[in-house]
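The values are calculated or read from the model by the stated rules, or taken from the named source; none is laboratory data. Model, not experiment: these values are computed from the prediction. Here the Cβ positions follow ideal geometry from the backbone for every residue, glycine too, while neighbour counts run over all protein chains shown. Side chains included, ligands, DNA and RNA excluded: accessible areas come from the protein's heavy atoms. Shrake-Rupley method; radii C 1.70, N 1.55, O 1.52, S 1.80 Å.
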Amino acid sequence: MGNGNGQNGNHNTNGHHPNGHVNLNGNGVADIGGHDPASSAGLALLWDGLPPAVVSALEQPLDPALVSRRDGRGNRSYDYIEGHTAIDEANRIFGYGGWGYELMGEVSLRRMERVDVRTGEVKVNYAYSAPVRVSVVGAPPRTDIGFHVVTDDNPEGHETAVKGAVTDGLKRALRSFGDRFGNGLYGDQPTSNNRAGAPPSNARGNGNNGQGRRDGSYLQQLRGRLIALGAEQGFDEERVRDAVKKQTGRDLDDLPAKDLKPLVENAARKVNEAKAAEGSG
């Protein structure tokens with residue numbers, strides 16, 4: 001299922017090219033146009049990075065209304081996000097067909113023994129673990145292990161635990177996208193310096209990029225770097241500007257640093273990947 005609505009089987013997202021890249025024309029990321037001078041090497045000025053609109057959505061703070069609470073060990077209460085909430089958020093942020101998830105192996109039954117220190121009795125519990133990979137258009141795959149204890153030792157109880165392990169793996173993999181998926185709910189304290197919606201230490205709006213350069217100069221460097229990366233792939237400045245326009249809906253000269261930087265980073269990554277592929281070939 002491409003949009004992540006389901007529990008079992010494969011949940012591959014639509015829009016992924018078989019070679020692991022995205023067909024960018026029509027999938028929310030820009031294609032350069034009809035001419036690809038480096039097609040023999042499978043290259044183009046591709047941005048596998050998340051579009052600026054998605055990055056902006058991920059930077060928003062988690063809506064407290066989406067957070068649930070449950071009782072846990074040590075008479076403590078824990079905040080968490082339910083599985084259906086995580087799926088709804090992924091559909092809203094990444095778009096239907098823009099993400100998916102799949103099992104990366106078997107859902108395994110685990111037998112766990114523990115000794116009651118008071119009585120010496122050995123107690124046995126069962127749980128399922130499930131390796132789940134989340135794929136989002138424009139980002140590297142994220143994999144994590146879900147876990148769910150069998151509370152009722154009957155067919156229904158085991159079925160519930162299997163589904164729970166898959167859902168837990170999905171949620172844990174989505175956590176790597178930040179607080180919008182509840183990452184800040186884990187651990188003793190929230191990640192205050194990187195909480196969604198909180199500006200980084202080198203705040204963007206202060207006229208400085210954190211290295212003593214003023215915004216105007218920094219923007220010029222970002223634009224120049226992006227054009228140079230296009231040239232490394234065989235595209236002239238006009239085609240680079242065309243791609244930026246298709247990708248963002250704005251002209252290159254009008255983009256702020258927060259939107260330019262991910263384009264530069266992802267274009268650089270594509271160039272480096274291409275060089276590494278050539279070296280290994």
Report task. Assuming 1.567 mPa s and 4 °C, estimate D for the stretch 130-188 with Stokes-Einstein, Rh taken as the Kirkwood radius over Cα pairs, in µm²/s. Result -> 105 µm²/s
Query raised in the report: Residues with amide H under 5 Å of Gly182's amide H, sequence separation 5 or more or different chain, H placed in the peptide plane at 1.01 Å from N; which?
Result: none
Report summary line: The lysines whose Cα lies under 16 Å from the Cα of Lys270, excluding any fewer than 8 residues away in the same chain, are Lys261
Query raised in the report: By average Cβ neighbour count within 10 Å, what is the ranking of 140-147, 113-120 from highest down?
Result: 140-147, 113-120
Query raised in the report: For the stretch 48-140, what is the convex hull volume of the alpha-carbon atoms per residue, in Å³?
Result: 144 Å³
Query raised in the report: What ³J(HN,Hα) values, in whole Hz, does the Karplus curve 6.51 cos²θ - 1.76 cosθ + 1.60 give for the stretch 232-243 when θ = phi - 60°, with x put for Gly and Pro?
Result: 4, 9, x, 10, 7, 4, 4, 5, 5, 4, 4, 5
Report task. Could you check the simple spin-label distance between Glu121 and Gln60, using points 7 Å along Cα→Cβ, in nm with one decimal? Result -> 5.1 nm
Requested in this report: Please turn the phi angles of the stretch 138-143 into ³J(HN,Hα) values with the Karplus equation 6.51 cos²θ - 1.76 cosθ + 1.60 (θ = phi - 60°), one per residue in order, whole Hz, x for glycine and proline.
Outcome: x, 9, x, x, 10, 10
Report task. Roll a 1.4 angstrom probe over the protein heavy atoms and tell me the percent of accessible area of the stretch 225-281 that is carbon or sulfur. Result -> 46 percent
Report summary line: Sorted on mean Cβ neighbours within 10 Å (highest first), peptides 57-64, 262-269 come out as 262-269, 57-64
Query raised in the report: Taking the stretch 218-281, how much of its Cα-Cα pair set, in percent, is spaced more than 18 angstrom apart?
Result: 33 percent
Requested in this report: Assign unit charges at the C-beta atoms only (+1 for Lys and Arg, -1 for Asp and Glu), then state the dipole size of the stretch 238-281 relative to its Cα centre in Debye, rounded to the nearest 20.
Outcome: 100 debye
